[in-house]
Every structure is written in C-alpha cells, then in structure tokens.
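Below is one structure, written out as structure tokens; comments come after it.
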Amino acid sequence: DSGVTQTPKHLITATGQRVTLRCSPRSGDLSVYWYQQSLDQGLQFLIQYYNGEERAKGNILERFSAQQFPDLHSELNLSSLELGDSALYFCASSVGTGAPHEQFFGPGTRLTVL
Amino acid sequence: DAKTTQPPSMDCAEGRAANLPCNHSTISGNEYVYWYRQIHSQGPQYIIHGLKNNETNEMASLIITEDRKSSTLILPHATLRDTAVYYCIVRAPNAGGTSYGKLTFGQGTILTVHP
C-alpha cells in the first residue's frame, strides 16, 4: 500500500460524457502527478501540481483539466469523452518535486468509454 | 531527461538473482537513476534510486558504473511475485520548465520469474 488513494477504481461511461477522478496523496506529500496508461501509448505524464499550483504539463488534452485543493487532494476532470480516452489513470505523490524525491503511485482508476 | 535503453524481456529462475541492465549513455552529471516496476496494471511501484554510488534497500540493489552510462538493478532472490515490467528512468532534480518533476516511462523490461 503506497498510501495514495484513488477513487473510483472503475468507471464506465459513454462518449461525450464528463467524469471526475479523485486522488488523495500520501500524508505530508505536496506534489501530485497524473499519468495516463493506454495500451498503445504506455505510461504518459499528464500534469503536476505542487501545493495547489500547477507546475508542469505533459501531453494533456484541452478536454482534460485538473486541480489541487487546499487539503492537497486532487481531481482530474475529463470531458467530451472519446473512445480513445479509455485507459488507466494513475495519480502519484511526492514530498517535493524533481529528483531525488521518489513518487508513490496509487492503484489507478480504470476508465472505459463506450 | 536522458533516454534509457532496456532489453524488452528477461527470464529468471525463482530463488536466483535477477540482474536487469539499463543503458543511459547521455546521462548528465546531476541526473538520478530511478527504478520502478509495475505488476500487471497495478500502480507503478518505486524500487530504488541513485546518483553516483551503489545503493541497496530492502527490495533491491542498484549498481551504477563509474562513468554513469549504465546501471544494473539486482533482485537478489527473485520470487514469482517479482514478475513485472521494470522501468529504468533517468531524472533531473528541479529542472523547471515543462519537465518539472515528471517521470518519463519507456517500454521497460518484462521480467518473468519461473518456478
């Protein structure tokens, strides 16, 4: 158990819909990262927040957005969903940002878009 | 962040040491070497990291060559539960810009531990 929690575990929805994925970081961790893992793209970095502020963006679509709240939990919002958005979405947290701080990953949310 | 090269797959007998190599010939002086593994769609699990010196923890040992262009992750007594995809990642300290803090995962090495 990494100490990072993600809800829900599974999500099945239809194209065009909007969903929200939630992540609670480990106690004391200020950084939250979101990653997407699809069969054809592998594990890809989406976005990072540090203490409530956006710090880095990867290949995150404009239809996707995220935020980190004052209690440090984070939400990833996916809208106008397409079939290709079906993937595992992982959240990770770390004390700081960049090396040498290791990231600890949650169990993931499996999103299926039908 | 420097690019890494790993063999796509490796086999190991249960109870034997598993030695997973990684090449990172373009590594910069301030970049760390990290190892993560992912067991069948679970969240990636941090294993170990190092800068210059060899490192050991309860899970594994990390051997970094003197020129830092390659490294080896050693699982001293592999078990069936060690079957996973192992990722070698090179990562800079607070680099700023768009690469700030992220991990860049390649294809990794699929390690299969046999009974």
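The values are calculated or read from the model by the stated rules, or taken from the named source; none is laboratory data. Here the structure is a predicted model, which is why all the values come from computation and not from measurement. Counting neighbours? That spans all protein chains shown, and the Cβs are built from the backbone with ideal geometry, glycine included. Ligands, DNA and RNA are excluded from the accessible area calculation, which covers all protein heavy atoms including side chains. Shrake-Rupley method; radii C 1.70, N 1.55, O 1.52, S 1.80 Å.
Going through A:R18, A:R26 one at a time, which residue ends up being of a type in the set (K, R) and surrounded by 15 or more Cβ atoms within 10 Å (Cβ to Cβ)?
Answer to the check: A:R26.
Spot the failing condition for A:G108; the list is (1) out of contact with any strand residue (DSSP E or B) (no Cβ under 8 Å at 6 or more places or on another chain); (2) touching a residue at least 40 places away in the same chain (Cβ under 8 Å); (3) small (G, A, S); (4) under 30 Å from B:I48 (Cα atoms), and only one is missed.
Of (1) out of contact with any strand residue (DSSP E or B) (no Cβ under 8 Å at 6 or more places or on another chain); (2) touching a residue at least 40 places away in the same chain (Cβ under 8 Å); (3) small (G, A, S); (4) under 30 Å from B:I48 (Cα atoms), only one is false for A:G108: (1).
If you scan segment A:59-93, which residues turn out to be under 23 Å from A:S38 (Cα atoms) and polar (S, T, N, Q)? Even if it seems obvious, please write down each step before you answer.
First, the residues of segment A:59-93 that are under 23 Å from A:S38 (Cα atoms): A:59-67, A:74-93.
Once the filter is applied, which keeps residues that are under 23 Å from A:S38 (Cα atoms) and polar (S, T, N, Q), segment A:59-93 yields A:N59, A:S65, A:Q67, A:S74, A:N77, A:S79, A:S80, A:S86, A:S93.
Those residues that are touching a Cys at 6+ places or on another chain (Cβ under 9 Å) and assigned to a strand (DSSP E or B), I need them from segment A:6-37; list them, please. Please lay out each step first, then the result.
Our first condition is that a residue be touching a Cys at 6+ places or on another chain (Cβ under 9 Å); within segment A:6-37, this holds for A:6-7, A:21-25, A:32-35.
Once the filter is applied, which keeps residues that are touching a Cys at 6+ places or on another chain (Cβ under 9 Å) and assigned to a strand (DSSP E or B), segment A:6-37 yields A:Q6, A:T7, A:L21, A:R22, A:C23, A:S24, A:V32, A:Y33, A:W34, A:Y35.
Mind checking which residues of segment A:6-31 are closer than 23 Å to B:S41 by Cβ and at the interface with chain B (Cβ under 10 Å from one of its Cβ atoms)?
Correct list: A:Q6 only.
So which residues in segment B:55-79 are within 13 Å of the chain's Cα centre (by Cα) and assigned to a loop (DSSP other than H, G, I, E, B)?
Result: B:M59, B:A60.
Give segment B:95-110 a look and list any residue that's within 8 Å of chain A (Cβ to nearest Cβ), modelled with pLDDT of 75 or more and surrounded by fewer than 17 Cβ atoms within 10 Å (Cβ to Cβ), or say none.
Hits for segment B:95-110 are B:G106, B:Q107.
Under the condition of being of a type in the set (S, T, N, Q) and under 16 Å from A:S94 (Cβ atoms), which residue from segment A:29-68 is most open to solvent (accessible area, probe 1.4 Å)? Give the derivation first.
First, pick out the residues of segment A:29-68 that are of a type in the set (S, T, N, Q): A:31, A:36-38, A:41, A:44, A:48, A:51, A:59, A:65, A:67-68.
So of that shortlist, the ones also under 16 Å from A:S94 (Cβ atoms) come out as A:31, A:48, A:51, A:68.
Details: A:S31: 0, A:Q48: 0, A:N51: 91, A:Q68: 16 Å².
By that ranking, first place goes to A:N51.
With the requirement that a residue be out of contact with any Cys (no Cβ under 7 Å at 6 or more places or on another chain), at pLDDT 95 or above and within 14 Å of chain A (Cβ to nearest Cβ), what does segment B:1-17 give you?
B:P8
Conditions first: (1) at pLDDT below 95; (2) crowded, with 18+ Cβ neighbours inside 10 Å; (3) not aromatic (F, W, Y). B:A60 passes all but one, so which condition is the exception?
(1)
State whether the residues of segment A:71-84 include one that is open to solvent by 10 Å² or more (accessible area, probe 1.4 Å), within 14 Å of chain B (Cβ to nearest Cβ) and modelled with pLDDT of 95 or more.
Taking segment A:71-84 and keeping what is open to solvent by 10 Å² or more (accessible area, probe 1.4 Å), we get A:71-73, A:75, A:77, A:79-80, A:82-84.
Pick out the ones that are also within 14 Å of chain B (Cβ to nearest Cβ) and you get none.
Within segment A:71-84, not a single residue is open to solvent by 10 Å² or more (accessible area, probe 1.4 Å), within 14 Å of chain B (Cβ to nearest Cβ) and modelled with pLDDT of 95 or more.
Does any residue of segment B:80-92 turn out to be assigned to a loop (DSSP other than H, G, I, E, B) and more than 10 Å from every other protein chain (Cβ to nearest Cβ)? It would help to see each step written out before you state the result.
As a first pass, look at segment B:80-92 and keep what is assigned to a loop (DSSP other than H, G, I, E, B): B:83, B:92.
If we keep only those that are more than 10 Å from every other protein chain (Cβ to nearest Cβ) too, we end up with B:83.
Checking segment B:80-92: at least one residue is assigned to a loop (DSSP other than H, G, I, E, B) and more than 10 Å from every other protein chain (Cβ to nearest Cβ).
Checking the conditions here, which among B:G29, B:G43, B:G101 is more than 30 Å from A:K9 (Cβ to Cβ), in a loop (DSSP other than H, G, I, E, B) and free of Cβ contacts under 8 Å to residues at least 60 places away in the same chain?
Details: B:G43 fails: more than 30 Å from A:K9 (Cβ to Cβ); B:G101 fails: more than 30 Å from A:K9 (Cβ to Cβ).
So the residue among B:G29, B:G43, B:G101 that is more than 30 Å from A:K9 (Cβ to Cβ), in a loop (DSSP other than H, G, I, E, B) and free of Cβ contacts under 8 Å to residues at least 60 places away in the same chain is B:G29.
In segment A:50-86, how many are under 15 Å from A:T20 (Cα atoms), out of contact with any Leu (no Cβ under 6 Å at 6 or more places or on another chain) and assigned to a strand (DSSP E or B)?
Summing the residues that are under 15 Å from A:T20 (Cα atoms), out of contact with any Leu (no Cβ under 6 Å at 6 or more places or on another chain) and assigned to a strand (DSSP E or B) in segment A:50-86 gives 7.
Which of the residues belonging to segment B:18-51 are open to solvent by 50 Å² or more (accessible area, probe 1.4 Å) and away from chain A (no Cβ under 13 Å)?
Those that are open to solvent by 50 Å² or more (accessible area, probe 1.4 Å) and away from chain A (no Cβ under 13 Å): B:N19, B:P21, B:N23, B:S25, B:T26.
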